[in-house]
Amino acid sequence: MKGFRSATRQIGLIILALFLSIFCAVKDSRAQAREKTVIDGYISKQAAKEGAEEYEDARKVLRGDVNGDQKTDLVVLYTLEGFGGGNNYIQYLAIFLGKGNTFQYAANTAVGGKLRRDVDLKSISGSTINLDIKEYKKNDAACCPSKNGKVRYVFAAGKLREIK
């Protein structure tokens, strides 16, 4: 009888753990859907205003606390292309601050683009956003910057600025 109770208890714990993992997965997927809706809405408005469209496969989102309020914020690197029908593109960095169970756009800035530099969002450390870049050397083709580097941006006083 003692073994039966122990086995029943173990099965109960397994079922509880399974239930909690499913509950957390559903909760996380709902949160990600809300995040995506806020980000998509902002980027689509900006793209329409600039006569461009987002290259969504290049979008990268990281989570961290960039304003020091102990709430998760979103840092988004996204690319707009096709300005006026051409093949120009600009990479932007945007901040969405955590507000309750949603996010609110706070700031953005152009960080890269054709004939400027290519940018990859790597990490967040406090209010500092770390990016890997490829800059153009003198003889690089427009498609292919080749000089590796790193840059940092900070979110302060409601603005993004590059740290030199």
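The values are calculated or read from the model by the stated rules, or taken from the named source; none is laboratory data. This is a predicted model, so every value here is computed, not measured. No Cβ is skipped: glycine too gets one built from the backbone with ideal geometry, and neighbour counts run over all protein chains shown.
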Give me the pairs, please: first residue somewhere in the range 56-78 and closer than 14 Å to Asp40 by Cβ and modelled with pLDDT of 95 or more, second residue anywhere and surrounded by fewer than 21 Cβ atoms within 10 Å (Cβ to Cβ) and among the basic types (Lys, Arg), beta-carbon distance under 9 Å, and either six or more positions apart or on two chains.
-> Val61/Lys36; Leu74/Arg63; Val76/Arg59; Val76/Lys60; Tyr78/Arg59; Tyr78/Lys60
Any residue in the range 75-88 that is touching a Pro at 6+ places or on another chain (Cβ under 9 Å) and assigned to a loop (DSSP other than H, G, I, E, B)?
-> no
Identify, by number, the condition in (1) surrounded by 12 or more Cβ atoms within 10 Å (Cβ to Cβ); (2) without any contact (Cβ under 8 Å) to a residue 12 or more places away in the chain that Ala48 doesn't meet.
-> (1)
Residues that are aromatic (Phe, Trp, Tyr), touching a strand residue (DSSP E or B) at 6+ places or on another chain (Cβ under 9 Å) and closer than 18 Å to Gly41 by Cα: which strands (runs of 3 or more DSSP E) entirely in the range 91-164 hold 2 or more of them?
-> 102-113
Which numbered condition Cys144 fails, given (1) more than 16 Å from the chain's Cα centre (by Cα); (2) touching a residue at least 40 places away in the same chain (Cβ under 8 Å) | (2)
Among (1) without any contact (Cβ under 8 Å) to a residue 40 or more places away in the chain; (2) more than 28 Å from Lys138 (Cβ to Cβ); (3) among the aliphatic types (A, V, I, L, M), which single condition is Ile90 missing?
-> (2)
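Name the residue that is surrounded by the fewest Cβ atoms within 10 Å (Cβ to Cβ), counting only residues in the range 60-74 that are in a loop (DSSP other than H, G, I, E, B) and charged (D, E, K, R).
Within the range 60-74, the first condition is being in a loop (DSSP other than H, G, I, E, B), and the residues that meet it are 65-72.
Restricting the remaining residues to those that are charged (D, E, K, R) gives 65, 69, 71.
Working: Asp65: 15, Asp69: 11, Lys71: 13.
The residue in question is Asp69.
Could you say which residue among Ala25, Ala107, Ala94 is at pLDDT below 85 and not charged (D, E, K, R)?
Answer to the check: Ala25.
Checking the condition small (Gly, Ala, Ser) and surrounded by 14 or more Cβ atoms within 10 Å (Cβ to Cβ), which residue from Gly98, Gly158, Gly126, Gly149 passes? Explain how you work it out, then say what you get.
Details: Gly158 fails: surrounded by 14 or more Cβ atoms within 10 Å (Cβ to Cβ); Gly126 fails: surrounded by 14 or more Cβ atoms within 10 Å (Cβ to Cβ); Gly149 fails: surrounded by 14 or more Cβ atoms within 10 Å (Cβ to Cβ).
Being small (Gly, Ala, Ser) and surrounded by 14 or more Cβ atoms within 10 Å (Cβ to Cβ) holds for just one of Gly98, Gly158, Gly126, Gly149, which is Gly98.
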Residues of the range 129-146 satisfying the condition of being surrounded by fewer than 17 Cβ atoms within 10 Å (Cβ to Cβ) and touching a Gly at 6+ places or on another chain (Cβ under 9 Å) = Asp132, Glu135
